[in-house]
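Worksheet for the structure shown next.
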Number of protein chains: 2
Amino acid sequence: MTDDTLTAPRRSGRRARLAQRAAPPVVNPAPPGQLGGAYKPLTDPELSAIYATALRLLEHLGMGEVPDRLAAVLLAAGARQMPGARISIPPALVGDAIAAAPRTFTLHGRDPARSITVGGRAVHFGTGGAAVQALDLETQRYRASTLRDLHDFTRLQDTLTNISWFTRCCIATDVPDEYALDVNTAYALMKNTTKPVATAFTLAENVAPIVEMFDITAGGKGEFAKRPFVKAHISPVISPMRYGEDAVDVVFECIAHNIPISCITAAQAGATAPATLAGFLAQSLAETLASLVMVHAIRPGYPMVFSNWPLVIDLRTGAFAGGGGEIAVLNAASAQLSNWLGLVSGVACSMTDAKAIDAQYGAEKGITSLAAALAGGNLIYESSGMTASLLGASFEGFILDNEMHSATYRALRGIEVSDENLGYEAICAAVLGEGHFLGGAQTLQAMERDYVYPALADRENPRTWADNGASDAWGRARMRAQEILAKHHPTYLSPEQDAAIRKAFTIL
Amino acid sequence: MTDDTLTAPRRSGRRARLAQRAAPPVVNPAPPGQLGGAYKPLTDPELSAIYATALRLLEHLGMGEVPDRLAAVLLAAGARQMPGARISIPPALVGDAIAAAPRTFTLHGRDPARSITVGGRAVHFGTGGAAVQALDLETQRYRASTLRDLHDFTRLQDTLTNISWFTRCCIATDVPDEYALDVNTAYALMKNTTKPVATAFTLAENVAPIVEMFDITAGGKGEFAKRPFVKAHISPVISPMRYGEDAVDVVFECIAHNIPISCITAAQAGATAPATLAGFLAQSLAETLASLVMVHAIRPGYPMVFSNWPLVIDLRTGAFAGGGGEIAVLNAASAQLSNWLGLVSGVACSMTDAKAIDAQYGAEKGITSLAAALAGGNLIYESSGMTASLLGASFEGFILDNEMHSATYRALRGIEVSDENLGYEAICAAVLGEGHFLGGAQTLQAMERDYVYPALADRENPRTWADNGASDAWGRARMRAQEILAKHHPTYLSPEQDAAIRKAFTIL
């Protein structure tokens, strides 16, 4: 089921002569996976200078607080113990890790038709995040997010075609026990969607039992590892320049179970990383490379999303702020850097600081998501449904962001320049013939093949808009979200699978 | 007076340790005129192919409906009469016109400190448009726009620093007489702002008398022409591929009075130009080049903004739609094409189809304006205050767009990569010292020099937002617009100038 199948046909009574063309085109003119890279915020010498500084940091400053288990594999791979407790990662080892990393890999959906190939110049929007509040559909106010919200968000996004993978977007704050939280989060993902999904593991010992749940879902013991449809989000590096033991343990455990991982560096400018943008990028690149080297030392060539997410704080309050121009250019530059190194890039964009679903929400998301996409971010995390500087998640936001991504993908698709599309003869024929292009064969073909027709955006004239109740996007999205949530109750687990899971786990 | 001077100091009681840093920085970290061009939607061979097709159209299809007066100067410059009524513009003449066109020129403000240099890679946002409706501040509904609105919009934008020039954004629909309309529009511009301004002339015979008003404002007869602070918006080409006689007459008259001109091609995809994007760009480039050749034939080297504005209609209704991804990439490509030819580029972006000041408004403006800016559009028209597919103008929109442009300019500014900004030593010192970057000298300097702190955007946490009334951007912008309109009553005409104008003209 896709969002298109839920869309009522558009009425178009106003211009009868165009009525026969009013149906939405059958072909999606701008599906996910469009190619980025036409925007290059950094020049080649600038890329080299940032990379050189990152290498220098890794070699001469090194990484701190390296757990013993990790130190052993790093040293075996070519890292060196420094005086004191730090470990030096020499350029040759970084080069080995980059060379061994896969340029592209597949993130499997349980439905193979929903799998995506990530890397290269392909751009996909998806979710990340761990909001602790949900914007309530009824009250339009924030409240603590619940397990029920997580189920609802998961089944809502299941219908939204521009969200290529789903990470649990909010925390079920009504599930205080950490193991129960990890289990019930995984269950919500299994039950409500067949897209590629992602989750986080609070502790390494939670991984093995939850993989049992994935095996039940996949059809038997060991089946999940053959075609893993869940990836793990892990932050094994704590800025500045040290490892975090619990997260490193989760990395070891995920690799043992063949769970692809997204290693996220989430430094904050002026707090855990330099406030100068170039210095920030050098440090956070070094840190994400430290994650890559770790993964390489454990298992060379393992699929890892290189998630270098530069974050910004507002000087006036010290709080994280996700919607500014700095974060747009920093994440675009991060994507460019990762892609230039041949790595699969993850960035965080289409964030906003707005609480209301308003013009600030739209502008901040529009600017940050377009910048990251044009720069070629392979996986654009936090791109859908997130609000309130990542503290909140919104049903209406999912609906609106999904539609916004169509415009971004359409811009990314660019302009196909060919003799046929230049159409010299067709222009001459129109000018010397009817004097316009309306109704021509080339026009009709292009209109159906090349143009996005939004389902929710208001394109009426002011009078019609007022006569129809002067709606705004928030209200239209609310109605749409309620409509989908009332109708779409997927059951992607068979009764037998569900019973087996409930036998092995406490499903709340 | 700028918007900053009207801004109340921000409170920041929540984190006392940061209180001393809470004042807005004195330096504007991202003023207008930032450099674009890092986004290149077209490759070099694609640029060449589109230009070659434009040249072929101009030479072999030629321009239709050429007024006799224009035909004479074109033929004298090297154009050729074709069989039938069309005139061929050969590539050599196009090349002459491009070579003679100034690469940059100054748009003068009456206040010289507000003059801007346009061209090269510099990006400026400003207004265009001829809305016939205003979004009423009191009722939040659209109504016919009036002369009073025009005065109010002009004095409002006078305080907004990211709007580099002001074109009358709405039509005073309560002034039905065309001459009275042109006169009173010009008067509103003279009275309420000292930025570079622009207007349109309904008929050529209106130019000379209105220049008399400009002369009174400039200090005496002939003074305006020495340092013209008004440019004219003219559409001398009617798509597809013919001239329009009235507008051509206005061009002759403006050049005679040394009024810089923006020659606007506003073809619509699938109606007056091909629906295929490449063909559209080829035709509209040819048409804008036809304007340039016209100006060149009248007076070589005359300052003309090369305004190639690709517009899109919605297939389902046939109505113009300004907010889609197609219009983002088309206008970005137009800017790239014009800049590649060395011409001063004008595009139309930051348009929206939304009527409400909502999330659709924000996302459409964010995406289209960032695309045009990153591509290096020198003059980005329609960028501020316009709504409703250019049918409407909004006071709240002016406030919000002005703030949004700060984020775009911040992204455009990019990342300065230098040894100092990479800060290898500073990173080592922080990591081996306090373990963070808070409060460091480099941090404080960068925070004040490199980061934009929005005045209106909501960056509070959800609870504070709710406690403070759960505001949205529309409401905050409304209060701000009302505050400015209540306070800012500029009188940029002396009593003597005002009296002289009122003696010569009927000022309503």
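The values are calculated or read from the model by the stated rules, or taken from the named source; none is laboratory data. The shown structure was predicted, so the numbers you read here are calculated from the model rather than taken from an experiment. Heads up, the Cβs are rebuilt from the backbone with ideal geometry, glycines too, and the neighbour counts pull from every protein chain shown. To get the accessible areas, we keep the full protein, side chains included, count just its heavy atoms, and leave off ligands, DNA and RNA. Shrake-Rupley method; radii C 1.70, N 1.55, O 1.52, S 1.80 Å.
Can you work out which of the residues in segment B:470-506 that are within 17 Å of B:Leu189 (Cα to Cα) and β-branched (Val, Ile, Thr) is nearest to the chain's Cα centre (by Cα)?
Among those that are within 17 Å of B:Leu189 (Cα to Cα) and β-branched (Val, Ile, Thr), it is B:Thr491.
Of the residues that sit in segment B:359-388 and are in contact (Cβ under 8 Å) with a residue 60 or more places away in the chain and at the interface with chain A (Cβ under 7 Å from one of its Cβ atoms), which one is surrounded by the fewest Cβ atoms within 10 Å (Cβ to Cβ)?
Once the filter is applied, the top-ranked residue is B:Ala388.
Identify, by number, the condition in (1) within 30 Å of B:Ala273 (Cβ to Cβ); (2) open to solvent by 40 Å² or more (accessible area, probe 1.4 Å); (3) within 7 Å of another protein chain (Cβ to nearest Cβ) that A:Asp472 doesn't meet.
Going through the list (1) within 30 Å of B:Ala273 (Cβ to Cβ); (2) open to solvent by 40 Å² or more (accessible area, probe 1.4 Å); (3) within 7 Å of another protein chain (Cβ to nearest Cβ), A:Asp472 breaks only (1).
Out of the residues in segment B:407-459 that are open to solvent by 30 Å² or more (accessible area, probe 1.4 Å) and of a type in the set (S, T, N, Q), which is farthest from A:Gly62 (Cα to Cα)?
Step by step, filter segment B:407-459, then rank; the result is B:Gln445.
Look through segment B:321-346, keep the residues that are part of a loop (DSSP other than H, G, I, E, B) and within 16 Å of B:Val305 (Cβ to Cβ), and return whichever of them is nearest to the other protein chains (Cβ to nearest Cβ). Let's see the steps before the verdict.
First, pick out the residues of segment B:321-346 that are part of a loop (DSSP other than H, G, I, E, B): B:322-324, B:341-344.
After this cut, where a residue has to be within 16 Å of B:Val305 (Cβ to Cβ) as well, the list is B:341-344.
On the way: B:Leu341: 16, B:Gly342: 21, B:Leu343: 19, B:Val344: 22 Å.
So the residue we want is B:Leu341.
One line per residue, one yes/no per condition, for (1) of a type in the set (S, T, N, Q); (2) under 30 Å from B:Met386 (Cα atoms):
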position: A:Arg413; (1), (2): no, yes
position: A:Cys428; (1), (2): no, no
position: A:Glu434; (1), (2): no, no
position: A:Gln442; (1), (2): yes, no
position: A:Arg449; (1), (2): no, yes
position: A:Pro454; (1), (2): no, yes
position: A:Trp474; (1), (2): no, yes
position: A:Tyr492; (1), (2): no, no
position: A:Ala499; (1), (2): no, no
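Is at least one residue of segment B:181-194 in contact with a strand residue (DSSP E or B) (Cβ under 9 Å, 6 or more places away or on another chain) and of a type in the set (Phe, Trp, Tyr)?
Within segment B:181-194 (the criterion being in contact with a strand residue (DSSP E or B) (Cβ under 9 Å, 6 or more places away or on another chain) and of a type in the set (Phe, Trp, Tyr)), the answer is no, since none of the residues qualifies.
What's the number of the only condition in (1) in contact (Cβ under 8 Å) with a residue 40 or more places away in the chain; (2) closer than 29 Å to B:Gly377 by Cβ that B:Glu483 fails to meet?
In the conditions (1) in contact (Cβ under 8 Å) with a residue 40 or more places away in the chain; (2) closer than 29 Å to B:Gly377 by Cβ, B:Glu483 misses (2) alone.
Kindly indicate which of B:Gly301, B:Gly318, B:Gly279, B:Gly325 is modelled with pLDDT of 95 or more, small (Gly, Ala, Ser) and open to solvent by 10 Å² or more (accessible area, probe 1.4 Å).
B:Gly301
Those residues that are at positive phi and either open to solvent by 40 Å² or more (accessible area, probe 1.4 Å) or hydrophobic (A, V, I, L, M, F, W, C) (or both), I need them from segment B:64-81; list them, please. Break it down stepwise before answering.
Start the filter on segment B:64-81 by keeping residues that are at positive phi, which leaves B:65, B:78.
Answer for segment B:64-81, where residues must be at positive phi and either open to solvent by 40 Å² or more (accessible area, probe 1.4 Å) or hydrophobic (A, V, I, L, M, F, W, C) (or both): just B:Glu65.
Taking the condition of being part of a helix (DSSP H, G or I) and either closer than 17 Å to A:Gln442 by Cα or within 11 Å of another protein chain (Cβ to nearest Cβ) (or both), how many residues in segment B:245-284 meet it? Give the steps one after another, and end with the answer.
Looking only at segment B:245-284, we keep the residues that are part of a helix (DSSP H, G or I), and these are B:245-256, B:277-284.
Retained after the next criterion (residues that are either closer than 17 Å to A:Gln442 by Cα or within 11 Å of another protein chain (Cβ to nearest Cβ) (or both)): B:277-284.
Here the count works out to 8.
Of all residues in segment A:370-381, which are farther than 19 Å from B:Leu374 by Cβ and either in contact with a Cys (Cβ under 7 Å, 6 or more places away or on another chain) or among the aliphatic types (A, V, I, L, M) (or both)? I'd like the intermediate steps shown before the answer.
If we filter segment A:370-381 for residues that are farther than 19 Å from B:Leu374 by Cβ, which is where we start, we get A:378-379, A:381.
If the condition is that a residue be farther than 19 Å from B:Leu374 by Cβ and either in contact with a Cys (Cβ under 7 Å, 6 or more places away or on another chain) or among the aliphatic types (A, V, I, L, M) (or both), then A:Leu379 is the only one that fits.
Identify all residues within segment A:191-245 that are free of Cβ contacts under 8 Å to residues at least 40 places away in the same chain, among the charged types (D, E, K, R) and closer than 13 Å to A:Leu107 by Cα; write none if there are none.
A:Lys226 - this is the single residue of segment A:191-245 that is free of Cβ contacts under 8 Å to residues at least 40 places away in the same chain, among the charged types (D, E, K, R) and closer than 13 Å to A:Leu107 by Cα.
For segment A:139-163, name all the residues that are over 15 Å from B:Ala470 (Cα atoms) and either of a type in the set (D, E, K, R) or open to solvent by 10 Å² or more (accessible area, probe 1.4 Å) (or both).
If we filter segment A:139-163 for residues that are over 15 Å from B:Ala470 (Cα atoms), which is where we start, we get A:144-163.
Residues satisfying the conditions are A:Ala144, A:Thr146, A:Leu147, A:Arg148, A:Asp149, A:His151, A:Asp152, A:Arg155, A:Asp158, A:Thr161.
Which pairs turn up if I take residues in segment A:428-452 that are over 13 Å from B:Arg316 (Cα atoms) and look for partners that are in a helix (DSSP H, G or I) and among the β-branched types (Val, Ile, Thr) with beta carbon separation below 7 Å, at least 6 apart in sequence or on another chain?
A:Phe437/A:Thr443
Condition check: hydrophobic (A, V, I, L, M, F, W, C), within 19 Å of the chain's Cα centre (by Cα) and under 25 Å from A:Thr193 (Cα atoms). Does A:Ile264 satisfy that?
Numbers: hydrophobic (A, V, I, L, M, F, W, C): yes; within 19 Å of the chain's Cα centre (by Cα): yes; under 25 Å from A:Thr193 (Cα atoms): yes.
Yes.
Out of everything in segment B:389-403 that is charged (D, E, K, R) and closer than 21 Å to B:Ala371 by Cα, what residue ends up being most open to solvent (accessible area, probe 1.4 Å)?
First, pick out the residues of segment B:389-403 that are charged (D, E, K, R): B:396, B:401, B:403.
Keeping just the survivors that are closer than 21 Å to B:Ala371 by Cα gives B:401, B:403.
Details: B:Asp401: 2, B:Glu403: 42 Å².
So the residue we want is B:Glu403.
Pick out, from segment B:30-129, the helices (runs of 4 or more DSSP H) lying fully within it that include 1 or more residues that are hydroxyl-bearing (Ser, Thr, Tyr), over 27 Å from B:His405 (Cβ atoms) and at pLDDT 95 or above. If you could, list the steps in order and put the result at the bottom.
Details: elements: B:44-56, B:68-77, B:91-100.
Qualifying helices (runs of 4 or more DSSP H): B:44-56.
Assess whether B:Ala411 counts as being within 27 Å of B:Leu370 (Cα to Cα), assigned to a helix (DSSP H, G or I), among the hydrophobic types (A, V, I, L, M, F, W, C) and more than 7 Å from chain A (Cβ to nearest Cβ). Give the derivation first.
Working: within 27 Å of B:Leu370 (Cα to Cα): yes; assigned to a helix (DSSP H, G or I): yes; among the hydrophobic types (A, V, I, L, M, F, W, C): yes; more than 7 Å from chain A (Cβ to nearest Cβ): no.
For B:Ala411, the condition - within 27 Å of B:Leu370 (Cα to Cα), assigned to a helix (DSSP H, G or I), among the hydrophobic types (A, V, I, L, M, F, W, C) and more than 7 Å from chain A (Cβ to nearest Cβ) - is not met.
Does B:Ala297 satisfy the condition of being away from every other protein chain (no Cβ under 14 Å), in a helix (DSSP H, G or I), touching a Leu at 6+ places or on another chain (Cβ under 6 Å) and within 18 Å of B:Ala100 (Cα to Cα)?
Numbers: away from every other protein chain (no Cβ under 14 Å): yes; in a helix (DSSP H, G or I): yes; touching a Leu at 6+ places or on another chain (Cβ under 6 Å): yes; within 18 Å of B:Ala100 (Cα to Cα): yes.
Yes, satisfied.
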